[in-house]
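Taking it in order: structure first as structure tokens, then the write-up.
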Amino acid sequence: MTQDIVHLARSLQLDALETEWAAQVQTPRADQADAYATAIDHLCDRDMTSKALSLGSAMIEALAGASETQAAMELGFRVVKRNAHYEALCKQIAELIEQHYGSEEWYGTLASRAGLANDPNATAITDFDKLRRYTRGHVVYHAAGWGEGVVEDFEVGTGEVTVQFATGRRSPFPLDTLLTSFKPLDPTDLRSMKLQQMEQLQAEAKSDPSMLIRRAASLYRGTITSQQVKNEIAGSVVADKSWASYWKRARAAATKDPWLKVEGSRTRPTFVLRDKPVGLLEEATAALHHQNDLGQRIGVLRDYLARGQDDEIRTQILDLAATVVEQAIAEKQASHAHVLDGILFLEEHERSASVPAAQEVRALLVNEDGALDHPALDRLATQESREHAVALLPAALGDNWAEQCAKDWIRWPNSVMEVVVDQIASAGKGPMLLPTWDRIAPYPRRHPMAIYLLGKLYAENTFADEEGRPHPVAVGRVLLHLGRILNEDRKKNVLHSRLLNRLTSLLAGKRGLLHTALDGISREDMVHYHGIIKRAGEDFPQELIDLLDRAILKTYPDILAEPELPFWEKYDTLTTAAGLAKIKEDYRVLVDEKIPANSKAIGAAASLGDLSENSEWEAAMEEQRNLTSRAQDMDQQIRGAKLIEDQEITGDIVAPGTQVTFADESGSTRSFRVLGPWDGDDETTINYKAPAAQGLLGKAVGESATVPSDSGPAQVTIQEIERII
């Protein structure tokens, strides 16, 4: 409600302002006094003092009538300061001053000095407003060295005023000395607020960063450099470690602030405090000069259009946007993405450009060889623009648009992949996406969004008539694995957290895919499902856990009673700390040395000429594919690795972290250390995942086991087990 008053005054919607003001005069609120005063300021800034006087006097009388004496008095000080007063109003304000301060010991002294008792005119009120700021609780400033301090006491009898300075020093001064040598600081002065309203300043640093620049600029006669801003704010209001983040936001906000004019370079700006705020259109026009490209300009215009609260201003901003876009089209220097941003922005608001948006979508997405540059859509500035561009794909690509979009569809950015898939499915072309399943299902960590979307289409029976569709049990297994992976990342990846919520609904909803998968499921598959859930972590969605547990109790209840899996079956990979360090170093060499070296080789090969007959280039590209695939696999393995040292190794059975000695049928004995895949390849160490170890794991001394040999499977007897970790 109060914001409406400020906006109406600022945009000079006078009829609406008078109507709203009259309504609020009926129920005046002391906590809105600042808003009333701000509206008065806006009117006076536009040379409408008589209007400000009319509204201000009505609100002062209303506040006084509601016994809100202090609020009425403060508003009175403001209207007098802005010369929006008359004789009767001055007398009323003087009466309010006496009502509020009359009981203070110092009132008589200061009222006499101001001449308030004899002649309550505007000058007397203004002088008293200044004098009262030398009393207890107010901040004063001594430019010659004392700095700022808070008035602690005012002894009327002795005429002494005691000040507690920010430096820690506390000193008394004669009142006359204080009046001549110290300047009273307004409560909104940055120096004053540092002493008394630090929480508000810190809140402004987060919510209204350019306000701090305005406060700091007022200390420098309205013009302040970026270094001076930092001197005033960094360390005191904004922590040094947070300065870079604050400064980035404040610099951007200053270009949109109606009270600030930004001069100088982008990296070293100077801020000039305006005498009057510029209008929203003027702000937008000025802000455009500080943007380096069309994309940034369209972003600015989007912001200002959102701020425009009346149709006339919005129309003016859209007119400005149309001019900016057409100029960019004519100059042919802006990127297709930025031009498309501008055209789509206009079309979102029922405007059109000289170039159709669909034509620009095609120019953005289609390479010279006719292939689609799927990631190019992420160059658009907003999600609205990206989705709008997807809606234009049929017009941009022609009759076979769906076939083009379905080819390599997993290359679409996550930001639009679902929108593209939905559009393909709506056109009845969804089955074209199914062949991708076999290619991506084994890699849910690499393709989380694509696997989820195929699961969604599967649940919607998009593939019901396709012979090659996977079995519901297989789909459920892959989606459960995806859920486990998303759950691991949910705390550090907001997108994965949201996708997990959607996946949970897809699997466990009223008609969820998991219900279909569990209908008639075999015991082996149910055990597999149960194992995925057990490895998924404690914070895995409870709906999925409960659904699976109910199904197990109904079909194969003995699964829940089975003994816990041995530790080497719980995790993807077990290794020693030394083995983990070794694979991490191999991964570092691969990522930091081999892949960059390959990139250089590709560049060197490309410089040799025609790529179609360039064997060096083809070899380098093949190596790139191998290296990046290897890097992805290693990264996934390292993420899932657990240390053997952290497991409970009893030494009673063969397990990773033990040395086993066994004898064959001839009596010959051999000893092996059972460790992880990265723990050495000498003749005395075997990988616990290798066939040679699989028959030994879990066996105790005296038990028989089957191990591979050159002549086929061989029976051996466990003779000794020793824990080595």
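Throughout, read-outs are computed from the coordinates displayed, never taken from laboratory work. Everything numeric here is computed off the predicted structure, so don't read it as measured data. So basically every Cβ, Gly included, is an ideal-geometry build from the backbone, and we count neighbours across all protein chains shown.
Once backbone amide H atoms are built at 1.01 Å from N, VAL163 has GLU152, SER171, PHE173 as its partners under 5 Å, excluding neighbours fewer than 5 places away on the same chain. For the residue pairs LYS183/LYS248; LYS492/LYS534; LYS51/LYS276; LYS194/LYS248; LYS570/LYS699; LYS584/LYS689, the C-alpha atoms sit more than 24 angstrom apart in LYS183/LYS248. Near GLN291, no amide H atom lies under 5 Å from its own; only residues 5 or more places off or on other chains count, and H is placed 1.01 Å from N. The distance between label points at GLN383 and GLU665 comes to 6.8 nm (points 7 Å beyond Cα on the Cα→Cβ vector).
Within straight cross-link reach of LYS456, meaning Cα distance under 22 Å, which lysines are found once same-chain residues fewer than 8 apart are removed? Correct list for LYS456: LYS407, LYS429, LYS510.
Using alpha carbon centroids, what distance separates segment 251-287 and segment 155-226, in Å? Cα centroid of segment 251-287 versus Cα centroid of segment 155-226: 25 Å apart. Under 5 Å from the amide H of THR658 lie the amide H atoms of VAL674, ILE724, each residue being 5 or more positions distant or on a separate chain, with H modelled from the backbone and absent for Pro and chain starts. Each 10 Å bin from zero holds the following percent of Cα-Cα pairs in segment 19-65: 28, 60, 13. Put a dot 7 Å past the Cα of ALA244, heading toward its Cβ, do the same for THR717, and the two dots end up 6.9 nm apart. If N is the number of residues in segment 649-723, what value comes out of its Cα radius of gyration divided by 2.2 N^0.38 Å? Against the compact-globule rule of thumb, the ratio is 0.99.
If you take all other residues with their beta carbon under 14 Å from the beta carbon of THR516, and give Lys and Arg +1 and Asp and Glu -1, the sum is +2. Going through [x] -0.38, -0.51, -0.64, -1.05; [y] -0.48, -0.66, -0.82, -1.13; [z] -0.29, -0.42, -0.57, -1.14, the figure that equals log10 I(q)/I(0) by the Debye sum over Cα atoms at q = 0.05, 0.06, 0.07, 0.10 Å⁻¹ as computed for the structure here is [y]. Residues GLU538, GLU569, ranked from the fewest to the most other C-beta atoms within 10 Å, line up as GLU538, GLU569. Highest-first packing order for the peptide set 10-19, 326-335 is 10-19, 326-335, based on the mean count of other beta carbon atoms within 10 Å.
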